[in-house]
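Okay, so here's the structure we're looking at.
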Amino acid sequence: MKDSRTEYPDLQRQAQNRTLTSMTSKNNTADDEIDLGQLLGNIWRGRAWIGAATAAGIAIGAFNIANTNPTFQADAMLQLEEKSGSLALPSSLSAMVDNDPRSVTEIEILRSRLVLGRAIADQNLDWRIRPDTMPMVGTMFARYRFPILDAIIPSRFVRPGDRIELDNLVVPPRMLNQEFALIVTSSTEYRLVFNGGPQLEGTVGLPTTDPETGFSITLASIEAPEGRRFFIRQIDERRAINDLRNRLSVSERGRASGILEVRLTGENRNDNARALGAVIQAYLNQNISRSAAEADSSLDFIRDQLPQAEQTLRTAEAALNAFRQEQVTIDLSLETQTILGQVTRIEGELADLQRREDELAQRFTPSHPTYRQLLDERARLEARLAALREQVGALPETQRQILNLTREVELAQRIYTELLTRAQEVEVLRASTIGNVRIVDAASASPLPVAPRKALILALSLVLGAMAGIAIVLVRNWIRKGVQGADELEQLGLPVFATINYSKEADTEGRRGGRMPILALESTADLTVEALRSLRTSLHFGMLDAGTPTLSITSSHPSAGKSFLSVNLAAVAAQAGQRVCVIDADLRRGQLRRYFDQPRNLPGLAEVLAGDLPFDQAVIQGPHENLFFLPTGRYPPNPSELLMRAEFSKLVEICAQHFDLTIFDAPPVLAVTDPVILARNTGATIFVARHDQTPLGEVEAAQKTMSAAGLKFSGAVLNGFDPKKASGRYGYGYGYGYRYEYKQRQQ
């Protein structure tokens with residue numbers, strides 16, 4: 001009967017491909033999944049980094065707070081009122097007043113150049129005084145006193161409490177925005193140093209002037225010791241306005257409340273209140289002026305119209321008197337007077353209706369009931385006026401002329417009288433104008449700074465520091481991914497013979513010289529030694545099919561623990577009654593002699609392979625009766641060629657005849673080709689991967705190196721397993737710096 005595997009090779013290959021595809025898919029899915037527990041474990045194991053980053057963040061935040069001048073805020077509250085004045089005015093005057101507070105408009109006026117420019121001019125807000133401070137940390141040293149460092153800091157830099165006060169400053173236009181230095185020479189004297197200009201000496205309270213440039217300065221006080229330096233300048237008006245506007249904020253409290261809240265921030269608490277008070281006062285003054293402007297305009301118009309109205313009245317009276325004298329007529333008849341009164345009354349009512357129509361036309365259309373009622377009333381009055389004019393036309397000529405002249409006189413007198421009355425009303429309005437703004441809360445500075453917000457900065461520093469620490473930990477884990485368990489090695493096709501626990505006593509990293517302890521002989525009860533015994537048992541059964549009882553132990557990088565594993569495995573095998581020889585086959589940087597406390601110039605493997613020394617004279621008795629050791633000997637210039645000689649194969653045969661187990665401590669497989677040569681001549685080859693340090697990529701690279709030579713690892717050992725890092729992703733960078741020059745043994 002035929003084997004199905006030979007009869008259907010294509011089906012077999014397809015099944016294998018499907019199996020590999022399924023396994024790859026599962027592995028990719030597992031890689032794509034995020035293990036939250038593992039992530040939290042990594043973060044917890046990196047708590048030292050996170051703590052350090054958090055502490056650094058808090059320190060940076062505290063330094064930022066200490067090195068930043070506090071910012072204070074002054075505030076005030078204004079109320080926009082209906083502009084009605086303090087006197088009871090007629091309705092005709094009330095119509096001249098705008099009852100809408102128009103908060104948005106007032107806010108923009110308050111921030112205008114008109115208002116801010118007046119405030120700057122009143123309080124000299126364009127003067128700037130800057131103390132000389134140390135670079136980077138000057139603000140902190142200007143705020144806090146450090147007695148120990150006070151003698152080291154140059155005297156020109158200000159200390160806490162140092163200040164000067166200006167009384168007057170006159171700067172010519174060409175020197176605007178230019179900074180000059182003021183150096184204190186005594187408690188009442190100072191020296192001015194200009195950039196590329198003259199130096200002036202001055203005294204507090206007296207003006208210091210430069211006749212050539214027109215510069216003048218008067219200092220009100222000096223509160224600083226000799227040597228302190230300050231920088232003074234006057235900025236242009238536009239820059240001063242922009243600076244003040246950036247520090248000023250105006251908002252309406254509530255919706256359509258007419259309450260404005262004005263705030264001004266700055267580093268000097270008293271100057272903030274003074275500057276804000278000047279801004280509010282300038283705003284009030286312009287508000288009053290703006291409110292009286294309409295009254296002034298109306299009064300000017302009335303005063304211009306009064307002479308013309310008076311002249312019209314005098315002309316009408318003169319025409320009436322002349323006609324009466326010409327006709328020798330003194331009075332109108334009763335009928336004519338009645339008609340004249342009615343005509344005058346109706347014309348007055350029509351004039352009132354015309355004013356009302358102008359007002360209604362702004363709010364309603366002609367189809368509105370109120371508007372239509374007014375139009376009907378005007379049509380009725382116009383019809384009545386037309387009827388009266390027909391009656392006037394029926395009067396005798398003399399009476400008709402007298403009536404017309406008398407009506408003109410009364411109309412001119414009415415206009416003149418109304419203008420006089422309006423002029424008096426406008427005079428009263430202008431005198432009673434107080435503006436439509438009232439100060440609810442005067443400008444006042446808060447005692448506590450509004451910035452920097454210490455609690456918020458420290459909280460953000462803590463959070464950002466912790467986040468930075470977590471990011472560092474995660475990035476380190478992502479960059480340095482080491483073997484975490486035996487299952488990862490088995491997934492790469494390497495059977496794991498044993499997992500050796502980490503032992504602090506056996507950790508030889510950082511030891512540059514001196515003897516190294518053999519843990520299996522000095523701490524027999526250690527858990528690591530128990531794991532080594534387990535490895536001895538696994539190798540006993542794993543090497544049953546090996547050609548010779550010889551074993552090569554290698555790794556992908558130094559510090560994986562292959563030398564430690566070679567010596568201690570040999571020790572536990574010797575304790576079990578086996579004759580064991582451990583050979584240091586690292587002919588470039590072998591350090592196995594330190595476990596046996598042997599000097600560096602001791603002859604060994606190199607001399608045996610070169611034929612200079614027989615094996616039985618080079619081998620050394622170890623600390624146990626069944627344990628023997630062969631050092632590297634003198635470092636040869638051609639270690640690979642030396643291992644490829646036939647003498648090495650003979651050496652392996654000699655070891656197989658005289659020892660139950662021979663262990664070759666080989667160099668890293670990714671560094672040199674020596675392990676491949678050793679693996680070809682020995683019975684088995686073990687790969688040592690260090691937990692959390694050996695990347696999986698290096699393991700795969702080592703397998704490919706062996707596979708290229710037609711070899712493979714017999715198995716692997718996971719060394720230095722730390723349960724605390726069982727799910728970690730920590731790793732470290734290692735290098736294997738071989739020196740290829742020949743090293744002579746010192747005699």
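The values are calculated or read from the model by the stated rules, or taken from the named source; none is laboratory data. This is a predicted model, so every value here is computed, not measured. Heads up, the Cβs are rebuilt from the backbone with ideal geometry, glycines too, and the neighbour counts pull from every protein chain shown.
Exactly one residue out of ARG145, ARG156 is touching a residue at least 60 places away in the same chain (Cβ under 8 Å) and either under 30 Å from ARG238 (Cα atoms) or in a loop (DSSP other than H, G, I, E, B) (or both): that is ARG156.
The residues in segment 360-415 that are crowded, with 16+ Cβ neighbours inside 10 Å, modelled with pLDDT under 80 and over 30 Å from ALA319 (Cα atoms) can be counted, and the count is 1. Might you let me know whether segment 85-103 holds any residue that is closer than 30 Å to ARG453 by Cβ and either at pLDDT below 95 or out of contact with any strand residue (DSSP E or B) (no Cβ under 8 Å at 6 or more places or on another chain) (or both)? For segment 85-103, residues closer than 30 Å to ARG453 by Cβ and either at pLDDT below 95 or out of contact with any strand residue (DSSP E or B) (no Cβ under 8 Å at 6 or more places or on another chain) (or both): present. With the structure loaded, tell me whether ARG263 is of a type outside the set (Gly, Ala, Ser), surrounded by fewer than 20 Cβ atoms within 10 Å (Cβ to Cβ) and either in a loop (DSSP other than H, G, I, E, B) or touching a Pro at 6+ places or on another chain (Cβ under 8 Å) (or both) or whether it fails that test. So ARG263 does not fit the description; no. Taken as a whole, the condition of being assigned to a helix (DSSP H, G or I), in contact (Cβ under 8 Å) with a residue 40 or more places away in the chain, surrounded by 14 or more Cβ atoms within 10 Å (Cβ to Cβ) and more than 33 Å from the chain's Cα centre (by Cα) applies to ARG118. Just to verify a result, which residue in segment 574-631, among those that are small (Gly, Ala, Ser) and within 14 Å of LEU651 (Cβ to Cβ), is surrounded by the fewest Cβ atoms within 10 Å (Cβ to Cβ)? Among them, the one singled out is GLY611. Being within 30 Å of LYS712 (Cβ to Cβ) and not in a strand (DSSP E or B) is not true of GLU425. For first residues located in segment 694-706 and outside any helix (DSSP H, G or I), partners that are of a type in the set (D, E, K, R) and lie 6+ apart or on another chain with Cβ distances below 7 Å form the pairs PRO695/LYS481. For segment 626-658, the tally of residues that are in contact (Cβ under 8 Å) with a residue 12 or more places away in the chain and in a loop (DSSP other than H, G, I, E, B) stands at 10.
Here's a check for you: in segment 524-571, which residue that is among the charged types (D, E, K, R) and within 15 Å of ILE500 (Cα to Cα) is surrounded by the fewest Cβ atoms within 10 Å (Cβ to Cβ)?
Going residue by residue through segment 524-571, those that are among the charged types (D, E, K, R) are 526, 530, 533, 536, 545, 562.
Filter once more, so that each one left must be within 15 Å of ILE500 (Cα to Cα): 526, 530, 533, 536, 562.
Details: ASP526: 17, GLU530: 14, ARG533: 18, ARG536: 23, LYS562: 27.
So, considering only residues that are among the charged types (D, E, K, R) and within 15 Å of ILE500 (Cα to Cα), the one surrounded by the fewest Cβ atoms within 10 Å (Cβ to Cβ) is GLU530.
Output the residues belonging to segment 443-493 that are of a type in the set (Asp, Glu) and either free of Cβ contacts under 8 Å to residues at least 40 places away in the same chain or in contact with an Asp or Glu (Cβ under 8 Å, 6 or more places away or on another chain) (or both).
Hits for segment 443-493 are ASP487, GLU490.
For segment 62-72, the set of residues classified as assigned to a strand (DSSP E or B) and either out of contact with any helix residue (DSSP H, G or I) (no Cβ under 7 Å at 6 or more places or on another chain) or at pLDDT below 90 (or both) consists of THR71 only.
Pairs needed: first member in segment 244-258, assigned to a strand (DSSP E or B); second member anywhere, at pLDDT below 90; C-beta distance under 6 Å; at least 6 residues apart or different chains. Matching pairs, first to second residue: GLU252/SER103. GLY622 passes every criterion in (1) more than 18 Å from TYR635 (Cα to Cα); (2) free of Cβ contacts under 8 Å to residues at least 40 places away in the same chain apart from (2).
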